[in-house]
Amino acid sequence: MGEEMESKGDMDGYEFEPRWEMGGRGREIAGRAGGGEAGKSRHHTNSNQLVCAVPWRHATVRQDHRRGPRGRAAHRGAAAGAHPSVRARRAVDHAPAHPARAHLRQRRRRRRQHAAVDALRASFVETLARFPTLAGRIVHVPPTGDAAFDCTAGGVASGVRFLVAEASEDFDAYAARRLAGDEDHDVEAFARLVPALDTGVLPAETLAAQVTRLRGGGLAVGVAMHHAAVDGRSVCRFLRAWAAACRGEGDADAAAEPPTTFDRTAIRLPGGEELARSVLRKWVPDLPVAAVAGHFIRPNLSRRTFTISVQAMHRLKQRVVAELSPAHEQDAAGTPPPSSFVAVAALAWVSFVRSKHPAGIFSADDEVYLFFFADCPARLDPPPGDGYFGTCISGCLARATAGGLLAEGGAGVAAAAVAEEDPLAGWDWMTTLGRVDMDRLMNLAGSTRFPAYEAADFGWGPPGRTELVTMNHDGQVVLVAGKGGGVQASVSLHPAHIDAYKSHFLSYFG
């Protein structure tokens, strides 16, 4: 999108001011990294929202008391002498505490939370200087009709929103612990932990962050990032850099990474520029209005998270290998195992079909689909290099008959269909996707290699929970590397089918 970009420098003009009351759910405080007024939270489109719990739309939730950031005793943004831990203590039964002692513990906890927020805010500003496309705005270029990143001084002048919020009184330590550990998602609670990007009309912001102070101690870190600026790999790179800066290791992280490039000309795809323009004009023809009508509808879905251990993943691959072989067990020894992504994608797809087929949504003769994104940098010739930061993915659409996935050996059929997809063969995937019946499509996002927990270690260890909040499709699965190994698979599905999905999914590990 833009060819010439410049960073605003150290972006030290930070403003942090009280904002508004959130309907009794707690006081929210808003500020901007890089100066300018604190802007209002607005409806978002075309963004990923991640949340991480530290007691990351990405959210992270965190619990249990531990030491502060590694390396330096405390980040330079933290108050001198303040313990920066943001983990919540486990709830245990005690005799009633003396009021004065309880008040003292509460004051100490609040000081730790404030010091941790200071560290997160200061390191956020420091990290933005390394990623100018996240500090600027996406703007409309009327002479050409294109959209571009404006990373000039004017583009970054309004700053990046950094929100600090208080959890409501009903969201206590027990509620935070459930959010961090339960298989079932409290969708409303997760949604409150992330900011909303203003992307409906250009200029549009590309990044916003929110830190929520949880009652009983701990923090939740929520991030919303525009898909035009980042793909999953770039999200992880930004989070890793922010976390390293918060630990006081930002310089070492920058030195260890290859030089960052934002130049789209590094992606050498024949006809790529014209393809990009044609897709832009087809799907957002009314620029600077950038919303895609009907694309971000959120039905009332159930969401659950399953963790696949390293040992369970090995068993799953063995079973898929057996089903890939024409004679099953007899020839399995000569069949190479599938990748973790292919194995989990096959299982997720088969479970989707088997959970919906009894409801009569499709027949055994109907074609069913699995859509997923694939990273393309390593597949290009020449590749753009490990330092490329931006979006370089393509969509893939695997097809099979429902009967093929319902039959014995269905996981093998699914795995073969996934493995056959060529990401470089379908750059105009949005047109292809628009031709299929969405009730027969499962959408897979993420990667088994995305280090969502490792990348989000802000100095207090990996987060207790990391989730992609923007799961909008009835039949969507998000994959990240699990905490301590293995794979985390989060599923969104109609409530009537989620229990059957779980039963089929977990049956492969028995």
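The values are calculated or read from the model by the stated rules, or taken from the named source; none is laboratory data. Bear in mind the structure is a predicted one, so any value in this text is a computation, not a measurement. Note: ideal-geometry Cβ built from the backbone for every residue, glycine included; neighbour counts use all protein chains shown.
Selection of the range 164-175 for residues being closer than 18 Å to Asp118 by Cβ and buried (at least 22 other Cβ atoms within 10 Å of the Cβ) yields Val164, Ala165. The condition (being surrounded by fewer than 22 Cβ atoms within 10 Å (Cβ to Cβ) and of a type in the set (Lys, Arg)) is satisfied by just one residue among Arg178, Arg161, Arg192: Arg178.
Taking the criterion of being surrounded by 13 or more Cβ atoms within 10 Å (Cβ to Cβ) and among the small types (Gly, Ala, Ser), the residues of the range 253-277 that qualify are Ala254, Ala266, Gly272, Ala276. If you go through the range 205-238 and pick out every residue that is surrounded by fewer than 24 Cβ atoms within 10 Å (Cβ to Cβ), out of contact with any Leu (no Cβ under 7 Å at 6 or more places or on another chain) and more than 21 Å from Val480 (Cα to Cα), you end up with 2. Return the only residue of Leu424, Leu444 being assigned to a strand (DSSP E or B), over 26 Å from Phe124 (Cβ atoms) and assigned by TED's automatic domain parsing to the domain that holds Met313. So the residue among Leu424, Leu444 that is assigned to a strand (DSSP E or B), over 26 Å from Phe124 (Cβ atoms) and assigned by TED's automatic domain parsing to the domain that holds Met313 is Leu444. Residues in the range 351-361 that are surrounded by fewer than 20 Cβ atoms within 10 Å (Cβ to Cβ) and either touching a His at 6+ places or on another chain (Cβ under 8 Å) or among the basic types (Lys, Arg) (or both): 1 in all.
To keep it simple, each residue is scored yes or no on (1) under 30 Å from Leu380 (Cα atoms); (2) among the aliphatic types (A, V, I, L, M); (3) modelled with pLDDT of 95 or more.
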site	(1), (2), (3)
Ala415	yes, yes, yes
Trp429	yes, no, no
Arg435	yes, no, no
Leu441	yes, yes, yes
Met471	yes, yes, no
Gln476	yes, no, yes
Leu479	yes, yes, yes
Gly482	yes, no, yes
Val487	yes, yes, yes
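Does Arg233 satisfy the condition of being modelled with pLDDT of 90 or more, assigned to a helix (DSSP H, G or I) and assigned by TED's automatic domain parsing to the domain that holds Val139? Yes; evaluated as a whole, the condition is true for this residue. Can you tell me which residue in the range 362-403 is surrounded by the most Cβ atoms within 10 Å (Cβ to Cβ), limited to those that are assigned to a loop (DSSP other than H, G, I, E, B) and of a type in the set (Gly, Ala, Ser)? Of everything passing the filter in the range 362-403, Gly390 is surrounded by the most Cβ atoms within 10 Å (Cβ to Cβ).
Within the range 129-152, at least one residue is under 17 Å from Thr199 (Cα atoms), assigned to a strand (DSSP E or B) and small (Gly, Ala, Ser). Residues being at pLDDT 95 or above, more than 21 Å from Pro462 (Cα to Cα) and under 24 Å from the mean Cα position of the chain (by Cα) are entirely absent from the range 240-260. Where residues in the range 367-405 are modelled with pLDDT under 95 and among the acidic types (Asp, Glu), which of them is farthest from the chain's Cα centre (by Cα)? Here the answer is Asp381.
Okay, residues lined up against (1) among the hydrophobic types (A, V, I, L, M, F, W, C); (2) closer than 23 Å to Arg268 by Cβ:
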site: Ala407; (1), (2): yes, no
site: Val413; (1), (2): yes, no
site: Gly426; (1), (2): no, yes
site: Leu433; (1), (2): yes, no
site: Ser447; (1), (2): no, no
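Inspect all residues belonging to the range 440-452 and state whether any of them is within 24 Å of Phe371 (Cβ to Cβ), among the basic types (Lys, Arg) and over 20 Å from the mean Cα position of the chain (by Cα). Checking the range 440-452: at least one residue is within 24 Å of Phe371 (Cβ to Cβ), among the basic types (Lys, Arg) and over 20 Å from the mean Cα position of the chain (by Cα). When residues in the range 461-487 are screened for being in contact with a Pro (Cβ under 7 Å, 6 or more places away or on another chain) and either assigned to a loop (DSSP other than H, G, I, E, B) or surrounded by 23 or more Cβ atoms within 10 Å (Cβ to Cβ) (or both), 3 of them pass.
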